[in-house]
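Heads up, the thing below is written out as structure tokens.
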2 protein chains.
Amino acid sequence: MNNTDWQQWHFFTVIARTGSLNQAADALGVSQPTLSRHLQSLEARLGQNLFDRSTRGLTLTAFGASLMEGCQQMEQTAQALERRASGQDQALSGRVRLSVNEMIAQYYLPNILPAFMDANPQLSVEIEVTNRASSLDKRDADIAVRMFPPTQLDLIARHLYDIPLGFYASQGYLDRFGTPTTPEALLEHRIMGYDRDKQFELGAAQLGWTVRNEDFFLRTDYMPLHIALAAQDGGIVGTHKELAESLGLIEIDVGVKLPDLPVYLCCHRDVVHNRRIRLLMDYLADSLPQTKPGFLMHPLPHDRS
Amino acid sequence: MNNTDWQQWHFFTVIARTGSLNQAADALGVSQPTLSRHLQSLEARLGQNLFDRSTRGLTLTAFGASLMEGCQQMEQTAQALERRASGQDQALSGRVRLSVNEMIAQYYLPNILPAFMDANPQLSVEIEVTNRASSLDKRDADIAVRMFPPTQLDLIARHLYDIPLGFYASQGYLDRFGTPTTPEALLEHRIMGYDRDKQFELGAAQLGWTVRNEDFFLRTDYMPLHIALAAQDGGIVGTHKELAESLGLIEIDVGVKLPDLPVYLCCHRDVVHNRRIRLLMDYLADSLPQTKPGFLMHPLPHDRS
DNA sequence: TCAGTGTTATTCATAAGTGAATATCTAATG
DNA sequence: CATTAGATATTCACTTATGAATAACACTGA
């Protein structure tokens with residue numbers, strides 16, 4: 001009677017979320033035929049279909065949908081189990097996964113990570129670079145560097161320091177287009193903005209500006225491209241003060257002080273006492289605030305003649 | 001990264017509860033070597049041991065114990081999932097599991113079940129006979145007939161009727177030992193009682209009597225044996241009025257009215273709307289109260305010469 | 001209309017998991 | 001001290017499950 005296969009519920013959960021056997025197979029690390037068969041087997045045991053099949057994927061039947069709540073609860077519990085288990089693995093060997101955005105990855109980590117890796121050769125550091133908030137829940141990462149305080153209650157956040165921001169352009173750009181002195185004038189310039197990232201919009205709103213991403217001259221969420229373009233006389237960029245200055249960019253004073261960018265170090269409650277994770281967190285907390293940015297200045301190959 | 005195998009957590013949960021690979025293998029329907037290997041695999045993945053091994057079985061390490069809470073939660077969710085899924089299987093074929101005590105099984109069901117099975121040949125009725133409250137949680141049974149209201153909130157109970165009780169003995173017994181007329185005198189007689197079942201003790205306490213199971217002349221929880229023995233001049237039995245009378249036993253009036261025995265029909269909230277289960281419940285609710293007891297009078301072979 | 005891209009289902013050689021039997025261990029017992 | 005009972009671990013023949021390849025299908029867009 002205890003014949004129930006938790007594995008099949010797991011498969012079902014992921015299939016339901018992805019809506020496709022192929023994607024679920026990818027996520028689960030098994031093959032699509034395997035999922036197909038397990039799903040059929042589960043449906044056979046339950047006596048009715050969990051999904052409607054089509055050539056565009058699978059969509060939950062009412063029956064399948066009615067079971068999703070329990071599946072999600074099971075998944076959360078399973079994830080918590082994994083976190084708690086891994087949080088108690090106090091060995092100083094193994095992996096630590098760190099999630100950072102492109103700016104940290106490009107301009108800060110290269111300065112400080114080698115020393116850590118030298119000091120802890122048993123530890124393999126895995127770095128996930130993304131501009132979205134990585135899921136510490138799913139243990140996609142153990143530690144995350146974020147520029148905003150996390151909202152989840154079960155995350156522990158440590159405010160490290162604040163990065164001063166400013167608007168910058170190269171001397172060459174300013175020679176060609178002049179130097180704006182008011183916010184209004186600034187917005188008429190070739191200022192680089194974001195694509196889907198809403199952070200700048202929100203920050204501007206707090207300053208009383210009405211700015212939409214659509215208004216920008218050039219739009220990308222990949223900030224190192226902002227920097228590289230500005231360095232090549234491409235326009236005005238709002239970025240880290242120290243970084244811009246180390247690149248020889250000139251600060252533009254439009255009479256408005258940009259708010260500092262806070263830097264938070266986050267991890268999950270369940271793993272905060274883990275030695276490996278603690279080691280890297282403490283090291284980052286020590287070294288990140290002291291680091292001058294600017295190791296790999298130019299990620300994109302270019303020839304400035 | 002989503003490599004986590006829910007199945008192994010299931011195995012771990014059952015192993016932890018049973019404290020033995022062999023028993024867990026039994027409960028899970030797999031072999032002991034399979035469990036041994038999966039457990040080793042899980043421990044290897046987590047990097048530390050979940051159990052201390054000994055020749056007396058496995059005992060949780062502190063690490064393993066710290067994970068049990070999550071496992072139990074997962075198990076409950078899985079069980080709820082199974083119930084909800086099976087509750088929505090509206091086919092009128094398949095199995096329905098019914099849990100009853102020995103009295104119902106012996107003296108009532110034989111009268112009424114054949115008609116139900118004739119009317120619903122597609123349905124296979126499985127009957128678990130136990131005097132303990134069967135677990136509707138684990139879906140050991142879909143429906144349970146109980147003589148006391150269930151305490152769990154997620155069970156639905158339907159009070160069917162009340163069975164009048166009385167003290168009875170055969171004419172032969174009364175001829176030999178006389179007829180008691182007071183409670184005190186009754187307790188001096190060869191009255192049959194229970195072994196581990198505390199219900200009679202509790203009921204007697206409500207009447208103001210102080211009776212312990214140890215005081216009885218003959219002790220067994222198997223009530224049909226009470227009946228059979230009384231019918232063979234073996235002593236006095238407290239049992240169902242109609243049943244005793246149909247056996248030709250004589251009621252003994254000691255000036256105290258025994259409280260009626262309530263009969264409840266129970267099922268889990270999650271499956272109450274299931275057609276199969278509903279069908280049998282409704283049938284039992286209709287037929288049980290009207291049934292005269294006494295189909296198979298003498299379950300034990302005997303020769304009354 | 002006709003490739004192109006996505007989907008699920010099926011096939012079959014092969015790899016992985018399984019379990020009966022067995023080895024090995026320990027505590028309890030005569 | 002030898003024996004028994006009950007436990008986990010290991011072995012190996014064998015069953016089962018797996019996945020690369022493929023088929024069959026439906027939508028999309030040129």
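Descriptive notes on the structure:
- Residues that are surrounded by fewer than 18 Cβ atoms within 10 Å (Cβ to Cβ) and more than 7 Å from every other protein chain (Cβ to nearest Cβ) within the range B:79-93 comprise B:90, B:92, B:93, listed in sequence order.
- Restricting the range B:249-271 to residues that are part of a loop (DSSP other than H, G, I, E, B) and at pLDDT 90 or above, the residue that is surrounded by the most Cβ atoms within 10 Å (Cβ to Cβ) is B:249.
- Residue ID - nearest to the chain's Cα centre (by Cα), chosen from residues in the range B:159-185 that are over 16 Å from residue B:249 (Cα atoms) and not in a strand (DSSP E or B): B:183
- All of B:158, B:139, B:132 fail the test of being closer than 19 Å to residue B:261 by Cα and in contact with a strand residue (DSSP E or B) (Cβ under 9 Å, 6 or more places away or on another chain), apart from B:158.
- Of all residues assigned to the range B:51-73, at least one qualifies as being farther than 30 Å from residue A:43 by Cα and of a type in the set (Phe, Trp, Tyr).
- Residue A:170 being within 14 Å of another protein chain (Cβ to nearest Cβ) and not aromatic (Phe, Trp, Tyr): no
- Scanning the range A:29-59 for residues that are out of contact with any helix residue (DSSP H, G or I) (no Cβ under 6 Å at 6 or more places or on another chain), of a type in the set (S, T, N, Q), within 14 Å of another protein chain (Cβ to nearest Cβ) and more than 9 Å from DNA strand C (Cβ to nearest atom) gives a single hit, A:41.
- Of the criteria (1) at pLDDT 90 or above; (2) more than 30 Å from residue B:73 (Cα to Cα); (3) within 11 Å of the chain's Cα centre (by Cα), which one residue A:116 fails: (3)
- Residue satisfying all of: in the range B:6-28; of a type outside the set (A, V, I, L, M, F, W, C) and in contact with a helix residue (DSSP H, G or I) (Cβ under 6 Å, 6 or more places away or on another chain); nearest to DNA strand D (Cβ to nearest atom) among these: B:22
- Hey, residue B:85 assigned to a helix (DSSP H, G or I) and closer than 30 Å to residue B:121 by Cα or not: yes
- Residue count for the range B:1-28, restricted to those that are away from DNA strand C (no atom under 11 Å from the Cβ), within 10 Å of chain A (Cβ to nearest Cβ) and polar (S, T, N, Q): 4
- Residue B:79 fulfils the conditions (1) in contact with a Lys or Arg (Cβ under 8 Å, 6 or more places away or on another chain); (2) more than 18 Å from residue A:6 (Cβ to Cβ) except for a single criterion, (2).
- Qualifying residues in the range B:272-296 (those that are crowded, with 16+ Cβ neighbours inside 10 Å and of a type outside the set (A, V, I, L, M, F, W, C)) - the one farthest from residue A:66 (Cα to Cα): B:294
- Identity of the residue in the range B:213-225, within 22 Å of residue B:171 (Cβ to Cβ) and within 18 Å of the chain's Cα centre (by Cα), that ends up surrounded by the fewest Cβ atoms within 10 Å (Cβ to Cβ): B:225
- Restricting attention to the range B:155-211 and to residues that are in contact with a Phe, Trp or Tyr (Cβ under 6 Å, 6 or more places away or on another chain) and assigned by TED's automatic domain parsing to the domain that holds residue B:132, the residue that is surrounded by the most Cβ atoms within 10 Å (Cβ to Cβ) turns out to be B:157.
- In the range A:54-73, the residues that are away from DNA strand D (no atom under 13 Å from the Cβ) reach residues that are among the hydroxyl-bearing types (Ser, Thr, Tyr) and part of a helix (DSSP H, G or I) with C-beta atoms within less than 8 angstrom, at least six apart or across chains, in these pairs: A:68/A:13; A:70/B:77; A:71/A:13; A:72/A:13; A:73/B:77.
- Count of the range B:210-248 residues, restricted to those that are among the small types (Gly, Ala, Ser) and outside any loop (DSSP other than H, G, I, E, B), is 6.
- Condition check for residue B:93: modelled with pLDDT under 90 and within 15 Å of DNA strand D (Cβ to nearest atom): no
- Tabulated pairs, the range B:9-38, first closer than 16 Å to residue B:61 by Cα, second within 6 Å of DNA strand D (Cβ to nearest atom) and of a type in the set (S, T, N, Q), C-beta under 6 angstrom, 6+ apart or interchain: B:21/B:32; B:21/B:36
- Among the residues making up the range A:99-126, a single one is hydrophobic (A, V, I, L, M, F, W, C) and within 14 Å of another protein chain (Cβ to nearest Cβ): A:123.
The values are calculated or read from the model by the stated rules, or taken from the named source; none is laboratory data. Values in this document were obtained by computation on a predicted structure and should not be read as measured data. Here the Cβ is made from the backbone with ideal geometry for all residues, glycine too, and neighbour counts use every protein chain on show.
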